[in-house]
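The values are calculated or read from the model by the stated rules, or taken from the named source; none is laboratory data. None of these values were measured; they are calculated from a predicted model. Note that we place each Cβ from the backbone using ideal geometry, even for glycine, and neighbour counts take in every protein chain shown.
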Amino acid sequence: MDSVEQLALGSTDTLSNGHKADLEAAKRLAKRLYNLDGFKKADVARHLGKNNEFSRMVAGEYLKFFVFTGMSLDQRYYECNPNAISSEDGAHTLTCALMLLNTDLHGHCWSPLMCLVRRGKKG
């Protein structure tokens, strides 16, 4: 893509795909995405999910805003969503299930049988 993409309404920050990614611009965009400054929640995934160097830099900077020090993912989820799941064990089970689904979706086939099942040839 050679077009220049506007990062948000009224923003003067632009990027041109194919040009060297700028770390400072990635940090600024990550902060704005985290604070939803000029963005909707749906915009966050759209910006972080692009397959280019700049979006990977933004994603790395965006993740730095989340503090999980001394906590596991299931503990963090349970504390942030106490009414969503009835116990910390339930949050742990959900976390494990999500990780397995993500691995199945994005991981390489580590077993010939698994590859056949994934392709719908066995089952």
* Asked: Given (1) of a type in the set (G, A, S); (2) assigned to a loop (DSSP other than H, G, I, E, B); (3) surrounded by 11 or more Cβ atoms within 10 Å (Cβ to Cβ), where does G60 come up short, assuming only one miss?
  -> (2)
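Going residue by residue through region 67-81, is there one that turns out to be under 21 Å from C96 (Cβ atoms), free of Cβ contacts under 8 Å to residues at least 40 places away in the same chain, touching a His at 6+ places or on another chain (Cβ under 6 Å) and surrounded by 11 or more Cβ atoms within 10 Å (Cβ to Cβ)?
yes
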* To do: Starting from region 85-107, take each residue that is at pLDDT below 80 and list its partners that are of a type in the set (A, V, I, L, M, F, W, C), counting only C-beta distances under 9 angstrom and pairs at least six apart or across chains.
  => D104/M114
